[in-house]
Amino acid sequence: MRKGVKKIKVAELFAGVGGFRLGLEGYVNNIKPHNKKFETVWFNQWEPSTKKQHAHETYVKNFGYIDENTNTDIAKVIDKVPDHDLLVGGFPCQDYSVARNLSSAKGLEGKKGVLWWSIYNILKNKGPKAPNYLMLENVDRLLKSPALQRGRDFAIILSTLNELGYAVEWRVINAAEYGFPQRRRRIFIVGYKKSSPIYKKFSKKASIEKWLTKDGLIPSVFPIESNPLIIEGTIDKDPVKITNNEINFNPDKSPFFDAGISFDYKFYTAKVIPKHTGKRTTLGDILLDDKDVPDEFYLSKEDLKRWKYLKGAKNEPRKAANGFEFTYTEGGMIFPDPLDKPSRTIITGEGGKTPSRFKHVVKTKKGLRRLTPIELERLCMFPDNHTMGQADSRRAFFMGNALVVGVIDRLGKSLSESHFKDSLK
């Protein structure tokens with residue numbers, strides 16, 4: 001970055017404990033922040049279902065307090081969001097459907113519908129001062145939800161972002177396929193205004209194929225095997241028609257694949273194969289020394305039988321509460337978890353001593369044990385003890401909700417390098 005060039009100002013929504021901020025600042029694992037191109041000027045984290053705001057407390061402990069609007073319902077403080085260059089957030093799963101024209105902020109269905117529309121309303125409210133860039137994250141099933149209208153929700157997102165003047169790249173990224181320590185599939189959405197230097201570069205110089213597979217902001221740092229089959233389609237300009245299924249979404253198949261781009265109400269999408277030849281981090285690589293693990297994390301002999309049962313295969317008769325009898329079947333899981341591979345996806349219920357089918361268990365010289373909060377942080381590439389100060393079960397919950405910071409680190413570098421390079425042309 002040349003002397004005198006301003007930093008990219010960031011607003012972080014649905015911030016959790018700060019995964020986006022850590023990634024953009026280059027604070028990955030236990031490396032000190034090294035990316036000086038981003039400055040977080042505002043964040044918002046509010047959990048409506050809890051009285052005590054644990055995640056907000058943790059964010060403030062690590063990054064500092066900004067104002068009272070950072071811990072309240074985002075829909076109520078849309079006009080309080082300061083001007084910024086990049087809007088980021090892992091927006092929660094929800095109902096995206098539209099009940100009537102979007103000119104009415106109340107035209108929404110579903111209790112959580114306001115969450116996506118809060119992003120929309122922030123961008124709409126900013127008008128010409130809307131940020132040049134977006135970086136959003138969600139579960140990969142967003143591409144094929146809801147069940148009876150596969151792809152409808154994602155079509156609504158693309159339609160509204162096209163309306164607001166953004167071109168969009170998306171990719172489903174499994175962090176482990178690019179050398180990171182956890183198998184975690186998430187969709188990442190990067191948007192940039194059609195007036196931005198980045199868009200002008202792609203629209204003038206890059207073919208659709210190169211944009212989607214090589215030169216775009218996402219494929220430049222998350223490469224794929226070449227020559228995928230690219231499918232083209234159109235996005236309706238009216239989200240109400242999309243909601244009402246007037247374009248007849250298929251209940252069996254989404255029109256959107258794991259990678260794609262969209263602009264001018266068109267989209268181009270393809271099934272892609274990740275390409276990675278570098279280092280791969282495994283579960284075993286992130287474990288603490290036995291001497292640093294408290295005894296409470298080791299499985300007791302009394303509980304071991306229950307752990308083995310829950311992890312094992314099942315084919316057994318059961319009876320429902322209404323008296324209905326059925327045969328319950330379930331495949332077995334590897335127990336304990338292999339240390340020479342990336343971990344399985346961390347879940348929000350990873351903490352606590354209670355035996356569980358889905359919690360991780362590792363074998364050490366000292367015996368079988370659960371993962372500690374520090375190890376869960378490392379699997380998400382957070383700094384050690386980033387969540388310290390909260391109960392262990394809460395710390396595990398944070399990581400079950402978190403993203404893999406290394407993914408954001410790469411995307412941030414791609415965005416900032418392209419922004420400053422193209423801005424100076």
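Every number in this text was worked out from the coordinates using simple rules, so none of it is lab data. In this text, all values refer to a predicted model and were calculated from it rather than measured experimentally. Don't worry about glycine lacking a Cβ; one is built from the backbone with ideal geometry, like all the others, and counts go over all protein chains shown.
How far is it, in nm, from the label point at L304 to the one at K319 when both lie 7 Å from their Cα along the line to the Cβ?
3.4
Name the long-range amide H neighbours of N138: under 5 Å, sequence gap of 5 or more, or other chain; modelled H, no Pro or chain starts.
I187
Taking the chain as the reference, fit the longest principal axis to its C-alpha atoms, fit the long axis of helix 152-163 to the helix C-alpha atoms, and give the angle between the two in degrees, 0 to 90, nearest 10.
40
Restricting to DSSP loop positions (anything but H, G, I, E, B) with no more than 13 other Cβ atoms inside 10 Å of their own Cβ, which GluC sites (Glu not before Pro) remain in region 219-257?
Listed in order of number, the matching sites are E225, E246.
Report the label-to-label distance for K353 and K421 in nanometres (one decimal), using points 7 Å from each Cα along the Cα→Cβ vector.
The answer from the label model is 5.5 nm.
When Lys and Arg each count +1 and Asp and Glu each count -1, what net charge do the other residues less than 11 Å away from G349, Cβ to Cβ, add up to?
Every neighbour counted, the sum reads +1.
For region 271-287, just list the computed ³J(HN,Hα) in residue order, Karplus coefficients 6.51, -1.76 and 1.60, θ = phi - 60°, integers in Hz, with x standing in for Gly and Pro.
Values, residue by residue: 7, 10, 10, x, 10, 9, 10, x, 5, 10, 9, 10, 4, x, 5, 9, 6 Hz.
Under 5 Å between amide H atoms, partner at least 5 residues away or on a different chain: which partners does K341 have, H built in plane at 1.01 Å?
Close amide H contacts, sequence-distant or interchain: L283, G284.
Subtracting the Cα-Cα distance from 0.36 nm times the residue separation, let me have the gained length for K52 to D215 in nm, one decimal.
54.2 nm
I need the phi-derived Karplus couplings for region 374-385: 6.51 cos²θ - 1.76 cosθ + 1.60, θ = phi - 60°, integer Hz, Gly and Pro marked x.
Karplus values, whole Hz, x for Gly and Pro: 5, 5, 5, 4, 5, 5, 9, 6, 7, x, 4, 6.
Can you give me the angle between helix 113-126 and the longest principal axis of the chain, using Cα atoms only, in degrees from 0 to 90, rounded to the nearest 10?
Helix 113-126 sits at roughly 40 degrees to that axis.
How tilted is helix 54-63 with respect to the longest principal axis of the chain? Cα atoms for both, answer in degrees (0 to 90, nearest 10).
The angle comes out at about 70 degrees.
Show the residues, 5+ positions off or on another chain, whose built amide H is closer than 5 Å to the amide H of I235.
Amide H neighbours of I235: K266, F267.
For labels at D79 and R185 in the simple 7 Å Cα→Cβ model, what's the distance in nm?
4.4
Sorted by average packing, counted as other Cβ atoms within 10 angstrom per residue and highest first, what order do 415-421, 171-177 take?
171-177, 415-421
If I take every Cα pair under 8 Å that is 6 or more residues apart in region 149-302, average their sequence separation and divide by the length, what percent do I get for the relative contact order?
Relative contact order, region 149-302: 33 percent.
Return the sequence-ordered ³J(HN,Hα) values of region 207-223 in whole Hz as given by the Karplus equation 6.51 cos²θ - 1.76 cosθ + 1.60 applied to θ = phi - 60°, using x for Gly and Pro.
6, 4, 4, 5, 4, 6, 10, 9, 8, x, 4, 7, x, 5, 10, 10, x
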